[in-house]
Protein chains: 2
Amino acid sequence: MEPHPDEFGQQVSHFQEVLKRAGVKQTHQRLEIFREVMQTVEHPDAETVYRGVRQRIPTISLDTVYRTLMLFTDLGLISSLKTSHERMRFDANMHAHHHFVCTECGMIRDFSSPEFDALAIPDAVRAFGSTVQAHVEFRGLCWHCLEKKQHGT
Amino acid sequence: MEPHPDEFGQQVSHFQEVLKRAGVKQTHQRLEIFREVMQTVEHPDAETVYRGVRQRIPTISLDTVYRTLMLFTDLGLISSLKTSHERMRFDANMHAHHHFVCTECGMIRDFSSPEFDALAIPDAVRAFGSTVQAHVEFRGLCWHCLEKKQHGT
DNA sequence: GTACGTGCAAAGAATTTGCAGCCAG
DNA sequence: CTGGCTGCAAATTCTTTGCACGTAC
C-alpha cells in the first residue's frame with residue numbers, strides 16, 4: 001500500500017508525462033505537492049499538504065495548494081474523497097442500509113442487503129481497528145444522467 | 001424503503017418519546033422538520049429541508065433547521081452522510097481500493113480486495129442506474145481511539 | 001517573449017454562534 | 001413562570017477568485 005522509496009522515480013516519470021500530455025507546466029510547487037501527497041497514506045486535507053510542502057517551499061501559498069490538488073484530480077493523478085462544496089446531507093433511514101450514488105448529479109438512494117451487512121472483515125482491516133459496520137456504495141450514473149449524456153452527444 | 005403514509009403516526013410517537021426522554025421540548029418547528037426529512041427518500045441537505053418546511057412555517061429560519069437537524073442526529077433520530085465541517089481530502093492511490101474509517105478521529109486507511117471490487121450488483125441497485133464501481137467502507141474505531149476510550153472510563 | 005502559474009488579498013459558500021424576545025411544560 | 005427554543009444578524013471555517021508579477025517552455 002505504501003509506495004517503496006524506489007517506486008517514487010517511476011511515479012515522477014508518470015507525473016511528468018501526464019503534465020506534458022495535458023500541456024501544463026511542470027513547476028517546483030507542483031512537484032513538491034505531488035511528492036507530499038504520494039508520500040503519505042493518510043488522505044490529507046489541503047491544509048495538511050500545505051504544512052508539509054511549506055517545509056521545503058516556505059513561500060508557497062495555500063491557494064496554490066488548492067489549485068494544484070484540483071488540477072491533479074482533473075488530470076487523474078489523485079482523487080478526492082468528497083467533491084468540492086459538497087454539503088451535509090441527512091438520512092431518515094436508521095436501519096442498516098447501503099447506497100447507490102450518482103457521480104454526476106449526486107443522487108443517493110438507499111437499498112438494504114443482509115448479505116452486505118454481514119460482509120466478512122478482511123484481516124487487513126482488523127489491523128486498523130475494530131469494525132462496527134460495513135457500508136457498501138455503488139457508484140455510477142443514474143438513468144436520468146445516462147439519458148442526458150446520450151442526447152448530449 | 002419509502003415509509004407508508006400510515007407508518008407516519010408510529011414515527012411521530014417514536015419522535016415524541018425520544019424528545020421527552022431526552023428532556024427537550026416538542027415544538028412546531030421540530031415536528032415539521034422531522035416530517036420533512038421522513039417524507040423523502042432523497043437525503044436532503046439543510047437548505048432543501050428549509051425550503052420544504054418554509055411552505056408550512058414561512059417564518060422558520062435556516063439556522064433553526066441546522067440546529068434541529070444536528071439535534072436529531074445527536075438523538076439518533078436521523079443520521080448525517082458527512083460530518084460537519086468535514087474537509088476535502090485527497091488520495092494518491094489510484095488503484096481500485098476500499099476504506100477503513102475511524103468514526104472518532106476520521107482516520108482513513110486503504111485496503112484492496114479483488115473480492116469487494118467484483119461485488120454482485122443487486123437488482124435493487126440496477127433499478128437506480130448503471131454502476132461503475134463498488135466501494136466498501138468498514139466503519140469503527142481505530143486502535144488509538146479504542147485505547148483512549150478504555151483509559152477514559 | 002509569452003502564456004501559464006503563483007502569491008496575495010479579498011470574495012463566496014456552508015455552517016455556527018450570541019443575543020433578546022417567545023412559548024412549551 | 002421560566003428555561004429552553006427561535007429568529008435575526010454577524011462570525012467562522014473552508015474553499016475559490018481577481019489581479020499583477022514571475023518563470024517555464
Descending semi-axes in Å of the protein assembly as shown, equivalent ellipsoid built from Cα gyration tensor: 37, 23, 22
Convex hull volume per residue in cubic angstrom - Cα atoms of chain A: 179 Å³
Longest segment of chain A lacking trypsin sites (Lys or Arg not before Pro) that sit in a DSSP loop with at most 14 other Cβ atoms within 10 Å: A:88-153
Theoretical gain in end-to-end length, B:S112 to B:M94 [0.36 nm per residue, Cα-Cα removed]: 5.3 nm
Rounded if a/c under 1.5, otherwise prolate or oblate - segment A:1-77, Cα gyration tensor axes: oblate
Chain B - Cys residues lacking any other Cys C-beta under 4.7 Å: B:C105, B:C145
Relative contact order %, segment A:34-153, counting alpha carbon pairs below 8 Å whose residues are six or more apart: 18 percent
Relative contact order, percent, segment B:95-150 [alpha-carbon distance under 8 Å, six or more residues apart]: 44 percent
Residue among B:V12, B:V132, B:V41 with the largest mean-square fluctuation in a Gaussian network model of chain B, springs linking Cα atoms under 10 Å: B:V132
Contact order normalised by residue count of segment A:7-83, Cα under 8 Å, 6+ apart, percent: 25 percent
Rounded Å value of the spacing that divides the Cα centres of segment A:18-89 and segment A:108-124: 32 Å
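Read-outs: derived from the displayed coordinates by stated rules, not from any lab. Keep in mind the model is a prediction, meaning the values are calculated, not measured. So basically every Cβ, Gly included, is an ideal-geometry build from the backbone, and we count neighbours across all protein chains shown.
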